[in-house]
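Derivation of every value follows stated rules applied to the coordinates shown; laboratory data play no part. These numbers come from a predicted model, not from an experiment. In this analysis, Cβ positions are derived from the backbone assuming ideal geometry, glycine residues included, and neighbour counts consider all displayed protein chains.
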Amino acid sequence: MINNLIILAGGASSRMKKESTLKGLSEKAVRQANTRNKGLIEIGEKNTPFLHYLLHNAKTAGYLNIYIVIAEKDDLFQAVYGKNEVNNSYKGLTISFVRQHIVNGRSKPQGTADALYQALEQYPILTKSSFVVCNCDNLYSTKVFTALKKVNSRNALIGYDREGLNFSSERIGKFALMKIDEDGYLMDIIEKPSPEEALSYQDEFGKLRVSMNIFKFDGSLFYPFLKNCPIHPERDEKELPTALLKMIREKDYNVKVIPISEHVIDLTSKDDISIVEKYLKKNYPVGLKWE
């Protein structure tokens, strides 16, 4: 079993900084959404950073070593989770930071594959280890963290049942779909399929599976593909799915798709803040219990 978790929190959060289409957000919520990383936006009456909930679920599943990828000049994460770059003790977790440096000639980070590559460069032990990697702005359940911890495959990802995701049909329709073989291994990831095309990607259970960007990787196998990941022609970033598919096609390494049917709380934009607050109030009525 593995106990390493890498959390990607170095992005520019551009969608969070856009104006909300909803009314009623507090001045504090708007200010934090405009100035903080999404994981550090304080939610609810106890002003708990959103990332606390993710860390709590990961710890409950048995993850101990946490690596948080942050912007190269960020200092707020260290104000919350520990002043040292390496091996901060927080609620029974060991938290270290990865600085996602901006490549010369760019104004913003180069994407999720670059973030993970820089993590493995700064902590070479990860190139010889297995780990889980996920976003900082999604609240993945303890069930999901446990499933990735226990799976026997060296590389895996969660395949969420599209019907189990409680998002608008417009939002769900933009999610990429997985093509999975009869043994449950990933074959392809299809971006923006039409409704007619989508029907051909049902798995053995008749479900359409989408990724919410939580993966398990063997560092020794995946590192070369992170290092040589091509830039997406439209989004101008190095993305984890691109590196993942390159690994499958060039080396034929198996990547297990773990089927899960449940919603994933997502904190992408200001419009999500009130939804997240309602969810946390219902599902964590007494706050977080770390012990």
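Observations
- Point-charge dipole on Cβ atoms (K/R +1, D/E -1) for the stretch 4-283, about Cα centre, debye to 20: 880 debye
- Farthest positive-ward along the stretch 161-291 dipole, Cα basis, beta-carbon charges - from S200, C229, W290: W290
- Estimated FRET transfer efficiency (K179, N152; beta-carbon r; R0 25 Å; 0.05): 0.70
- Lys, Arg +1 and Asp, Glu -1 on Cβ, resulting dipole of the stretch 103-163 about Cα centre, debye, nearest 20: 180 debye
- Kirkwood Rh and Cα Rg combined as Rg over Rh, evaluated for the chain: 0.94
- Neighbours of S14 by Cβ distance under 15 Å: Lys/Arg scored +1, Asp/Glu scored -1, total +3.
- The distance between label points at E204 and K23 comes to 5.3 nm (points 7 Å beyond Cα on the Cα→Cβ vector).
- Mean Kyte hydropathy of -0.5 or more with a Cα span along the axis of at least 30 Å, helices from DSSP in the chain: none
- Over the residues of the chain, the helix contribution to mean residue ellipticity at 222 nm works out to -8000 deg cm²/dmol, using -39500 (n - 2.57) for each DSSP H run of at least 4.
- Among G164, G11, G24, the largest mean-square fluctuation in a Gaussian network model of the chain (Cα springs under 10 Å) belongs to G24.
- Cβ crowding within 10 Å averaged over residues, with 228-240, 33-45, 209-221 ranked highest first: 209-221, 33-45, 228-240
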